Amino acid sequence: MSVDPSLKRPKVGRILLVVGIVGIAAAVLAASGIMDRAKSRQEVSAWAHAQAIPTVRVIQPQRGPAEQQLVLPGTVNAFYTGSLYARASGYISSWHKDIGTHVKKDEVLAEISAPDLDQQLAEAKAQLAQLEAAVEQARANADLGDVTNQRTTRLVAQGWSSAAQGDTDRFTAASRSAALAVAKANVQAQQANVGRLEELTRFEQIRAPFDGIVTARNVDIGDLVNAGGTSGRALFQLSDIHRVRVYVNVPQAFLAEMKPGIKATLHLPGQQETFEAELVSTSNAISESSRTALIELQAFNPDEKLWPGAYAEVHFHIPSNPDILRVPATALIFGARGMRVAMVEDADKVVLKPVTLGHNLGDMVEIESGISLADRLIDNPQESIETGDRVQIAGGTPPASAGADKPEPVTAKNETPER
C-alpha cells in the first residue's frame with residue numbers, strides 16, 4: 001500500500017519547527033545561566049572588596065567645660081589648736097571646763113594644788129628679805145669706809161697720819177664698796193628666783209591661751225601631774241574653729257593650677273550642706289613617695305559645723321583653657337612614633353596625626369595640640385591602620401556633644417598622666 005507524499009511533508013515541517021523552538025529555548029536558557037553566573041561573580045567580587053574596607057565609628061573632639069572640677073580628699077583642722085600641759089607639779093584640786101565648752105582667753109580651766117612650790121616661793125621671799133637687809137648693812141659699811149678714807153686722806157696730807165694708814169683706809173673703803181655691789185647682785189639674783197617661782201605658781205591655774213572650744217579633757221580631781229611633761233596626753237585640748245584649715249594632697253600634674261585664690265566647695269559625709277573654701281598657700285615641696293604636694297585652704301565656720309579631724313571631699317573650681325579639647329582615651333594610638341590619633345579626611349581616607357596630651361581624666365584625655373574641633377577621629381582604631389587607608393563610616397559622622405560645656409567632676413589619682 002503506498003503513502004501519499006503530500007501527507008508526509010506537514011509532519012516533517014512540524015517536527016523541524018518544534019526542534020527549532022526547543023533549540024532557541026535552550027540557547028536562551030544557556031545565555032541566561034551564563035549571565036547569572038557572571039553577575040554572581042561580580043557581586044561576590046564587590047562583596048569581598050567591600051569587606052576588605054574596615055567599618056569604623058568616628059567621633060569628634062569636645063570642648064572642655066568652662067570650669068574644671070577636681071575632686072580630692074581633704075582633712076579639716078582647727079585654725080588654732082593648743083595642747084595644755086602642766087608647768088607645776090602637784091594634784092588637780094578642781095577643774096571648771098568640760099569638753100564642748102566655749103572659753104575666753106585667760107579663763108581658768110583647772111587648778112593644781114602644789115604645796116611644795118608654794119613653800120619654795122615663801123622660802124625664796126624670806127631669803128630675799130635677808131639679802132635686802134645685807135645690802136643695807138653693806139651700804140652702811142661702804143659709807144663708813146668712804147668717810148674714814150676721806151678723813152685719813154686729809155690727815156696724811158697734813159702730816160698727822162702715816163701713808164700706810166692712808167692706804168689701809170683707802171683699800172678698806174674700796175672693799176666695802178665692792179661688798180655693797182655683791183650684796184646688790186645677790187638681791188637681784190634672788191629677785192629673779194622669786195619671780196620665777198611666782199610665775200610657776202601662776203601655772204597652778206591652767207588658763208585658756210585663746211578663745212576657743214575645749215575639745216579634750218584628760219584630767220580629774222586628785223590626778224597627779226608633773227611639771228614639763230609633754231610625752232603623755234595633754235591635760236586639755238583647745239581649738240579655735242571660727243575659721244578652719246583644710247589640708248589636701250594634690251597630685252603633681254595639677255599643681256600648676258593650684259594658685260592662691262582658687263575656690264573650692266567642701267562636701268562632708270552625713271551633711272547635706274556644702275561649704276565654701278579658698279586656697280591660701282602651698283607647701284612648695286613634693287613628696288617623693290606619693291608625688292603630691294600639701295596645700296592649705298581656709299573656710300569660715302561661723303556655725304561651727306566643720307569639726308577638726310573631719311574628712312572632706314574637696315571640689316576645686318579650676319578655670320579651664322578653652323583651647324584644650326577632649327577625646328575618649330580609646331581614640332589614642334600608642335606607638336613608637338609617640339601619641340597619635342587616626343583622622344578621617346575627604347574620600348574617607350585615614351591620616352595619622354601626632355597629638356600632645358594634657359591631663360588624664362580617666363575615660364577622657366585632654367589634647368593640647370594636634371587636632372581641631374571639626375576633625376573626625378576613629379574610635380578604637382586598629383593597630384595596623386596606616387595613613388592612606390580607606391574606611392567606611394558606620395552610621396555617619398556624629399555631631400559634637402551638646403553637653404560639652406557642662407562641668408564634669410574629675411576624681412584625680414595620685415599619678416602623673418602620660419604625655
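The values are calculated or read from the model by the stated rules, or taken from the named source; none is laboratory data. Computed from a prediction, not measured in an experiment: that's the story for all the values here. Neighbour counts are summed over all protein chains in view; Cβ atoms, including those assigned to glycine, are modelled from backbone coordinates with ideal geometry.
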Asn249 fails exactly one of (1) part of a strand (DSSP E or B); (2) farther than 26 Å from Asp98 by Cβ; (3) in contact with a Lys or Arg (Cβ under 7 Å, 6 or more places away or on another chain), namely (3)
Search result, residues across the range 187-216 that are over 15 Å from Thr81 (Cβ atoms) and touching a Phe, Trp or Tyr at 6+ places or on another chain (Cβ under 9 Å) | Ile206
Quick check: anything in the range 276-284 crowded, with 18+ Cβ neighbours inside 10 Å, among the hydrophobic types (A, V, I, L, M, F, W, C) and outside any loop (DSSP other than H, G, I, E, B)?
-> yes
Note: among Ala264, Ala256, just one is surrounded by 18 or more Cβ atoms within 10 Å (Cβ to Cβ), of a type in the set (A, V, I, L, M, F, W, C) and under 17 Å from Leu72 (Cβ atoms), namely Ala264
Any hit, the range 47-67, residues being β-branched (Val, Ile, Thr), under 30 Å from Gly222 (Cβ atoms) and buried (at least 16 other Cβ atoms within 10 Å of the Cβ) = no
Among the residues of the range 222-236 satisfying the criterion of being at pLDDT 75 or above and surrounded by 14 or more Cβ atoms within 10 Å (Cβ to Cβ), which is farthest from the chain's Cα centre (by Cα)?
-> Asp223
What is the residue count in the range 94-107 for residues that are outside any loop (DSSP other than H, G, I, E, B) and either exposed (fewer than 15 other Cβ atoms within 10 Å of the Cβ) or outside the structural domain of Arg217 (by TED's automatic domain parsing) (or both)?
-> 2
So which of Ala110, Ala86, Ala78 is surrounded by 19 or more Cβ atoms within 10 Å (Cβ to Cβ), at pLDDT 85 or above and in a loop (DSSP other than H, G, I, E, B)?
-> Ala86
Filtering the range 319-332 down to residues that are surrounded by fewer than 21 Cβ atoms within 10 Å (Cβ to Cβ) and either touching a Phe, Trp or Tyr at 6+ places or on another chain (Cβ under 9 Å) or farther than 18 Å from Pro65 by Cβ (or both) yields Thr330, Leu332
Picked from the range 157-208 (must be in a helix (DSSP H, G or I), among the β-branched types (Val, Ile, Thr) and over 19 Å from Ala129 (Cβ atoms)), the residue modelled with the highest pLDDT is Thr172
Exactly one of (1) surrounded by fewer than 15 Cβ atoms within 10 Å (Cβ to Cβ); (2) at pLDDT 85 or above is unmet by Gln298. Its number?
-> (1)
